[in-house]
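Notes follow once the structure below has been shown.
The values are calculated or read from the model by the stated rules, or taken from the named source; none is laboratory data. None of these values were measured; they are calculated from a predicted model. Cβ placement follows ideal geometry from the backbone for every residue including glycine, while neighbour counts extend to all protein chains displayed. Protein only, heavy atoms only, side chains kept; ligands, DNA and RNA dropped before computing areas. Shrake-Rupley method; radii C 1.70, N 1.55, O 1.52, S 1.80 Å.
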Amino acid sequence: MIRLLRSKILWAICLMLLVLLFGVVGYKILSDFSWIEAIYMTIITVTTVGFSEVRPLDANAKIFTVFLIVTSVFIFGFALSVITEYLLGRNSLQILKRKKVKKRIDKLTNHVVVCGFGRNGMQAAERLRAYNKPFVIIERSREIIERHEDEVLFVEGNANEDEVLLEAGIDRAQYLITAVPDDAENLFIVLTARQLNKELFIISRASQVTSQKKLQFAGADKVIMPDKIGGDHMASLVVMPDLITFMDKLSIEGEHTTNLEEVEIEDITDQLDCNSIRDLDLRRRTGCTIIGYIDPDGNYLINPEADLQLQPKGKVIVLGRPEQIRKLNQMFQIG
């Protein structure tokens, strides 16, 4: 629709220029006007302003003027209607898009709200999309939104305002990722979000070391420093390059494949009668290997023993090839 209107506008502009060129050349030839006089006569004729002629016109010039007025009225009227239709159509389309996005956001629960769609925000969105985790982006830049609005759900506005966070469904969200470059703004976002949802798990970006404790005090559960992580990662590639490269490949192999999965014990015990990792026997059932265990208190155990007793609120971390992870997910209906 909009593309068709744009092509009509192009045609209208070409026709208007053609009328102006036709008028200038016509007056130049018929009345022997100078170029300035011909342009003047053409403009006052097509705009019908009623100014006096440069000099009296002969019969041929008067007939030409009548033809020029009639032609220009139709063409300029057509151009005006096309431009008006384009503006109204564009506004209507934007309103419909916003309503559609709002409906989709209103249906989300336990989703992720990402504040800021810069470098870190884009990376977070790509990872969430790879794991099929629903998310909403809060972004203030209209240019960025228009560039990516067909790919992700956007809420336009300032993320430290209550209304904007509520529009993104912060009261129903499970996680908040604030990836704004400014630490002070991240601090305000964390404070505001924590007031609106006490159960929210908040992950905040920080640029300065001094901002970490402030953000945690404001309510952030995890504070990430991308610059520090990047420097550590580059140094590790020097010290143990093969190990770091291998660990990078563990996270995500492709756009929709993963080598790691987190499984809640309750998801397993609902379908299997098992009390320990040995009873679970995931290696035989799916090909996946359990490499970690998280107890209900949040304590991490790497490479747990086979006789470790599983607790209902605990989780296991499993490692496997993409096809093995898919089999695991299908078996326990994860995701």
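Counting only Cα atoms, the size of the chain along its three principal axes is 110, 44, 44 Å, in decreasing order.
Note on the range 45-197: dipole from Cβ charges, positive end direction compared against P56, L108, N158; the farthest Cα belongs to L108. Pairs over the 22 Å Cα-Cα cut-off, from the set K222/K249; K133/K213; K249/K327: K222/K249; K133/K213.
Per atom type, the range 124-266 shows carbon and sulfur on 54% of its accessible surface, probed at 1.4 Å. Of all DSSP beta bridges confined to the chain, the antiparallel ones make up roughly 45%.
Can you compute the label reach from D227? Point 7 Å from Cα along the Cβ direction, backbone N cut-off under 17 Å, restricted to the range 156-187. In the range 156-187, the label zone of D227 (backbone N under 17 Å from the point 7 Å along Cα→Cβ) covers 179-187. The C-alpha atoms of the chain define a longest principal axis, and helix 322-332 lies at about 70 degrees to it. For T47, the solvent-accessible surface computed with a 1.4 Å probe is close to 70 Å², ligands and nucleic acids excluded.
Here the range 170-238 was treated as a single set of alpha-carbon atoms; its pair distances binned every 10 Å from 0 give 23, 48, 22, 7, 1 percent.
Along its first, second and third principal axes, ordered by size, the range 25-167 spans 80, 28, 27 Å in Cα coordinates. Annotation: per residue accessible area for the chain equals 62 Å², rounded to a whole number [probe 1.4 Å, protein chains only].
Largest first, the residues W35, W11 sort by 1.4 Å accessible area into W11, W35. Pairs of Cα atoms nearer than 8 Å and 6+ residues apart set the relative contact order; for the chain it is 10 percent. The angle between the Cα long axis of helix 183-196 and the longest principal axis of the Cα atoms of the chain comes to about 70 degrees, rounded to the nearest 10. Of the peptides 235-246, 283-294, the ranking by mean beta-carbon count within 10 Å, highest at the top, reads 283-294, 235-246. Here the scattering of the range 105-228 is modelled by Debye summation over its C-alpha atoms, one equal scatterer each and no solvent; at q = 0.12 Å⁻¹ the log10 of I(q)/I(0) is -0.37.
Only protein heavy atoms count here; on that basis, with a 1.4 Å probe, E264 has an accessible area of about 80 Å².
Between E199 and L260, what FRET efficiency follows from the Cβ-Cβ distance if R0 is 35 Å, with the result rounded to 0.05? In this case the efficiency is close to 0.85. FRET efficiency for the D32 to S7 pair, using the beta carbon distance and R₀ = 35 Å, is estimated at 0.35. According to the square roots a ≥ b ≥ c of the eigenvalues of the Cα gyration tensor, what is the shape class of the range 132-176, taking rounded for a/c under 1.5, prolate for a/b larger than b/c otherwise, and oblate for the remainder? Oblate, since a/c reaches 1.5 and b/c is not below a/b.
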